[in-house]
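Asker: This structure is in structure tokens; I'll ask about it shortly.
Please treat every number below as a calculation from the coordinates, not as lab data. Computed from a predicted model, the values in this text were never measured in an experiment. For neighbour counting, all protein chains shown are included, and Cβ atoms are generated from backbone atoms with ideal geometry for every residue, glycine included.
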């Protein structure tokens, strides 16, 4: 049972992220992505700080944060990833987001082959191409079927870009950030205190969110203005930040790429099912084709990995600071 703890912890983190996705989608519907981003990050950090008042181990961890690692990690995850995800929720649906963000598995396999020198068979390469094709179909179909963004154009750097495409690219950005983060965590020195790292990440991401808030002159609405939707954003921050990151940071260095890939598939399943319960919609039309291709790709990646991929990387680990 002891050996299964990292896997159970990883699965729990994926379920938490899957539940948090449609909750975040609801919050973004009633306030700006940056406002939700700030609330999520600050609430996640506050949960850790409040916990430190009652948990001695957490209180000790705050005194030994490995800032040299925590700052870049936090800017990437949850910083960039959550900001991109909120932008995606503004211009896309739960179904589109859940499937496109599952591209993290594809990016993770590619990153493992390129940077960790893990071998990819021809079967795996074909599976990756199928997965990318499926993600593109889901994104295009989601753009066309979303009544809130169909026909809407955004002006970015002087260019007119379909709003649905912006949402799809933002979701893919989440997948890319997650894959990079997963690869970095596999190289993490086992001596790094996971609790200290998580507190540092949340602090770094919170500071980043406030910088974005000031830079964009965004106002955070109050419960008086938007009612209970403010607390929906708070709930998204509580469920989707500190707890899953603590679990993920604990489990990732102890699991293989294949094990992580398998558990990552829980996120879109939980997100779509919980999103349906919350009335966030189900797949539409050709999205089913794209979803099928992505799931086939993920299944092929899970069953077609070479043995070398299941072994831990021998790359140098990040030192503790």
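Asker: Between residue 68 and residue 222, what is the label-to-label distance in nm when each label sits 7 Å out along the Cα-to-Cβ direction?
Answerer: Here the modelled spin labels are 4.5 nm apart.
Asker: Here's something else I'd like to know. How long is the gain from residue 231 to residue 60 if the chain were fully straight, where each residue apart is worth 0.36 nm and the alpha carbon distance is subtracted?
Answerer: Net length gain for the segment: 58.5 nm.
Asker: Spin-label point model (7 Å from Cα, Cβ direction): what's the residue 114 to residue 129 distance in nm?
Answerer: 1.8 nm
Asker: At 0.36 nm per residue, minus the direct Cα-Cα distance, what do residue 161 and residue 46 gain on full extension? Give it in nm, one decimal, please. Please list the in-between numbers first.
Answerer: Details: separation 115, 0.36 × 115 = 41.40 nm, distance 3.73 nm.
Here the answer is 37.7 nm.
Asker: Can you tell me the order of 170-180, 153-163, 207-217 when each peptide is scored by its average per-residue count of other Cβ atoms within 10 angstrom, highest first? Each step should come with its number before you reach the end.
Answerer: On the way: 170-180: 23.3, 153-163: 11.0, 207-217: 14.5.
Highest mean packing first, the order is 170-180, 207-217, 153-163.
Asker: Testing the spin-label approximation: label points 7 Å from Cα along Cα→Cβ at residue 53 and residue 286. State their distance in nm.
Answerer: Modelled inter-label distance: 5.4 nm.
Asker: Just the ratio, please: alpha-carbon radius of gyration of the stretch 1-70 over 2.2 N^0.38 Å, N its number of residues.
Answerer: 1.42
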